[in-house]
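What follows is a set of notes on a single structure, which appears directly below.
Please treat every number below as a calculation from the coordinates, not as lab data. These numbers were taken from a predicted model, which means no experiment stands behind them. A quick note on method: Cβ atoms are made from the backbone with ideal geometry, for glycine too, and the neighbour counts reach across all protein chains shown.
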Amino acid sequence: MPKIIFIQHDGAERTVETANGSAMQAAVSHGVRGIDGDCGGAAACATCHVYVHTDWLARTGPRGEMEAAMLEFAEEVLPNSRLACQIQLTDGLDGLVLMLPAAQH
Ligand code: FES
């Protein structure tokens, strides 16, 4: 089961372990602060906006087309911005580090 490390803008860390699904589902099911997942994972709300740690960018892959379009409406978008609902967890992502934007807390 992959472990995912969420880091809040204030530096607080939360590690969650999850069987499968998306990084958004892992966060919501463990009550990670700042990730709401309002649209249920349809890439239509951006309440799951995260920054992928640069060490993990190659393994999480690029944004999808719908995801990129939704991120145009998000705040504080950076080159490593992703929607956590579009990151499908696998054993290969064990140890993935995701940071949260300051606006999400
Ligand atoms: Fe809505 Fe990810 S949960 S965009």
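Placing +1 on the Cβ of each Lys and Arg and -1 on the Cβ of each Asp and Glu in the chain, which of 68, 21, 103 has its Cα farthest towards the positive end of the resulting dipole?
So the residue we want is 21.
How high is the FRET efficiency from residue 1 to residue 69, r the C-beta distance, R0 35 Å, rounded to 0.05?
Numbers: r = 32 Å, r/R0 = 0.91.
Efficiency for this residue pair is about 0.65.
Want the number for residue 39 to residue 13: 0.36 nm per residue separation, take away the alpha-carbon distance, what's left?
Result: 6.9 nm gained on full extension.
Once every DSSP H run of n ≥ 4 in the chain is given -39500 (n - 2.57) and the sum is divided by its residues, what mean residue ellipticity at 222 nm do you get, rounded to the nearest 500 deg cm²/dmol?
Dividing the helical sum by the residues of the chain leaves -4000 deg cm²/dmol.
Subtract the Cα-Cα distance of residue 57 and residue 80 from 0.36 nm times their separation in residues, and report this length gain in nm to one decimal.
Residue separation times 0.36 nm, minus the Cα-Cα distance, leaves 7.6 nm.
In whole Å, largest first, what are the principal axis extents of the Cα atoms in region 1-53?
27, 26, 20
For the chain, give the share of DSSP beta bridges that are antiparallel, in percent and rounded to the nearest 5; count only bridges with both residues there. Let's see the in-between values first.
Numbers: 11 of 15 bridges.
Antiparallel bridges make up about 75 percent of those DSSP assigns within the chain.
Taking every pair of alpha-carbon atoms in the chain, give the share separated by more than 15 Å as a whole percent. Walk me through the numbers on the way to the answer.
Numbers: 3033 of 5460 pairs.
Distances greater than 15 Å cover 56 percent of the Cα pairs.
In debye to the nearest 20, how big a dipole does the chain give about its Cα centre with +1 on each Lys and Arg Cβ and -1 on each Asp and Glu Cβ?
Once rounded to the nearest 20, the dipole reads 160 debye.
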